[in-house]
1. With the contact rule set at Cα under 8 Å and sequence spacing of 6 or more, what percent relative contact order holds for the chain?
2. Give the total of Lys-Lys pairs in the chain with Cα-Cα distances below 12 Å; include a pair only if its members are 8 or more places apart or on different chains.
3. Specify the residue with the greatest mean-square fluctuation among Q71, Q50, Q32, computed from a Gaussian network of the chain linking alpha-carbon atoms under 10 Å apart.
4. Where a ≥ b ≥ c are the square roots of the eigenvalues of the C-alpha gyration tensor, would you call the chain rounded, which needs a/c under 1.5, or, failing that, prolate if a/b is larger than b/c, or oblate?
5. Which residues' amide hydrogens lie under 5 Å from the amide hydrogen of W22, considering only partners 5 or more residues apart or on another chain, with H built in the peptide plane?
6. Once both axes come from the Cα atoms, what is the angle between helix 82-91 and the longest principal axis of the chain, in degrees from 0 to 90, rounded to 10?
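Just so it is clear, none of the values below were taken in a lab; they were calculated from the coordinates. None of the values given here were measured: they were computed from a predicted structure.
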Amino acid sequence: MEKRLKGEEMNRVTLTDGSGKWFDKGEAEEFQEKTSWDGRNYISKATGSQWDHQILYRTKGGKWILNSQWQGTRESWEEISNEEAARWLSVNEYESHKACEKEYEELEIK
């Protein structure tokens, strides 16, 4: 187990699926949702809503975690597949991630 420097804290996040699984958010790669302006509000490209927002994480161990929050409610944290991560990255206008290149490539209509 890796030791932390004095004063360095773990940013532990427990998944909300009841599994007891958790990850260190501070060690994860983070992908913020993209938004578009509809003239009145910023709309999430991930959800199509002005109230529902998402952030995607890639853990140090290579798992995808999706954080979702409907404005004013409790956040949810769930593990998702490479296919779901590839779709999320595509919808949010990110380039392919090496961990889901195959799944991302399969989204292209040829």
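1. 18
2. 4
3. Q71
4. Note, shape of the chain comes out oblate.
5. Result for W22 returns L15.
6. Between helix and principal axis, roughly 50 degrees.
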